[in-house]
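To start, the structure itself, in structure tokens.
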Amino acid sequence: MLVLVALVAIPALNRFPDSESVLRVPDYLIPLFGKFACYAIVALAMDLIWGYAGILSLGHGVFFALGGYAMGMHLMRVIAGEGVYRSALPDFMVFLDWKELPWYWYGFSSFGFALSMALIVPGVLAYVFGFFAFRSRIRGVYFSIITQALTYASMLLFFRNNTGFGGNNGLTDFKRLLGFALQEPTTRLGLYMASVAVLALVYLACRYLVVSKLGRILMAIRDAESRLMFCGYDPSVYKLFLWVVSAMMCGLAGALYAPQVGIINPSEMQPANSIEMAIWVAVGGRGTLVGAVAGALLVNGAKSWCTAAFPDLWLYALGALFVVVTLFCPGGLVSLGRSAGQTTKG
């Protein structure tokens, strides 16, 4: 039902009512809703690895940002020659006196290649990192700390101008995607609908995974890893698989996010962003896919309102929300809904 509302009702209310009608969804809200859909995909990825397998990652921001950079590189390449300097190189490279395109930018003129890289690069990074971490049996708070170190180190790397990713400013001034102008309301609406459709598909895929035998093994890893090992299973293999899948989901969300927001820069790799992703899941309900999506939508909706109305209070409000949920509602908002439903039946 919610998918139908998001895919049918919101676009219809954006296109058909008169511009003065109170029923009209303003154009400026469409990319905001699209951004929320991207965050919901990230929340599902976070819930898979934390809620179902018990592995708390505080570094998922780096996978999200890598997906965004892959799409951002494509968007920069398709406007080659149309920048301020009219050069085939991106403007920031001309400004920094680069003479030629770095080898790792080759191929990004193709949308298909860029989309593939948005999945492959986070997946490969997650595989290499996870292979050594899980093989070394790093778990618990130690794993969380090294994931945070990963995203912090990546952020510092991307801040450097000589890495060829735009440094502090990142990649911006996007103009077209697949020939469609990104500033056109219809393009923004199309990106929003694509984000919601991808969110629905990712949700169904996650649902299939968690109710399968693999999902039961993942929950056994979370609840009794030692017993699982005594049964002959190798938890590191399943952890690594889920870790890579989760990273690729974040990369996909980042690829959808960049053209809607119009910029991707190293601030997306801030450790605080990754911590915020964990808060979305905790607020909505860890170990429940619906809760993860609801938490991402609720927290980001509150953030959008609060940072406009009371910008200095948002971080306090976020911290208070996390403390209250942790102390008084550890199952998240989904558990409150279940309790209310049982009370009504009783």
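At a glance:
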read-out: Filter result for the condition that a residue is closer than 29 Å to residue 56 by Cα, in contact with a Pro (Cβ under 8 Å, 6 or more places away or on another chain) and at pLDDT 90 or above, over 147, 151; value: 151
read-out: Enumeration of residues in segment 96-110 that are free of Cβ contacts under 8 Å to residues at least 24 places away in the same chain and open to solvent by 30 Å² or more (accessible area, probe 1.4 Å); value: 97, 99, 100, 103, 106, 107
read-out: Hits in segment 181-198 - residues which are more than 17 Å from the chain's Cα centre (by Cα) and under 13 Å from residue 11 (Cα atoms); value: 185, 186, 187, 188, 189, 190
read-out: Those residues of segment 272-326 which are part of a helix (DSSP H, G or I), in contact (Cβ under 8 Å) with a residue 24 or more places away in the chain, more than 12 Å from residue 40 (Cα to Cα) and open to solvent by 30 Å² or more (accessible area, probe 1.4 Å), in sequence order; value: 273, 275, 304, 321, 322, 326
read-out: Verdict on residue 121 being among the β-branched types (Val, Ile, Thr), open to solvent by 50 Å² or more (accessible area, probe 1.4 Å) and in a loop (DSSP other than H, G, I, E, B); value: no
read-out: Check on residue 188, in contact with a helix residue (DSSP H, G or I) (Cβ under 9 Å, 6 or more places away or on another chain) and within 30 Å of residue 234 (Cα to Cα); value: no
read-out: Residue check for residue 179: touching a strand residue (DSSP E or B) at 6+ places or on another chain (Cβ under 6 Å) and of a type outside the set (Ser, Thr, Tyr); value: no
read-out: Whichever residue in segment 53-95 is assigned to a helix (DSSP H, G or I) and among the aromatic types (Phe, Trp, Tyr) and, among such residues, is most open to solvent (accessible area, probe 1.4 Å); value: 95
read-out: Verdict on residue 8 being under 20 Å from residue 298 (Cβ atoms) and surrounded by fewer than 22 Cβ atoms within 10 Å (Cβ to Cβ); value: no
read-out: Residues satisfying the stated conditions in segment 176-199, i.e. of a type outside the set (Ser, Thr, Tyr) and buried (at least 16 other Cβ atoms within 10 Å of the Cβ); value: 176, 177, 182, 188, 189, 190, 191, 193, 196, 198, 199
read-out: Which listed residue is closer than 16 Å to residue 48 by Cβ, in contact (Cβ under 8 Å) with a residue 60 or more places away in the chain, part of a helix (DSSP H, G or I) and open to solvent by 30 Å² or more (accessible area, probe 1.4 Å), from 238, 208; value: 238
read-out: Residue 32 open to solvent by 20 Å² or more (accessible area, probe 1.4 Å) and modelled with pLDDT of 95 or more; value: no
read-out: Out of 251, 170, sole residue that is surrounded by 20 or more Cβ atoms within 10 Å (Cβ to Cβ) and under 15 Å from the mean Cα position of the chain (by Cα); value: 251
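The values are calculated or read from the model by the stated rules, or taken from the named source; none is laboratory data. In this text, all values refer to a predicted model and were calculated from it rather than measured experimentally. Cβ atoms come from the backbone with ideal geometry, glycine included; neighbour counts cover every protein chain shown. SASA here: full protein model, heavy atoms, side chains in, ligands and nucleic acids out. Shrake-Rupley method; radii C 1.70, N 1.55, O 1.52, S 1.80 Å.
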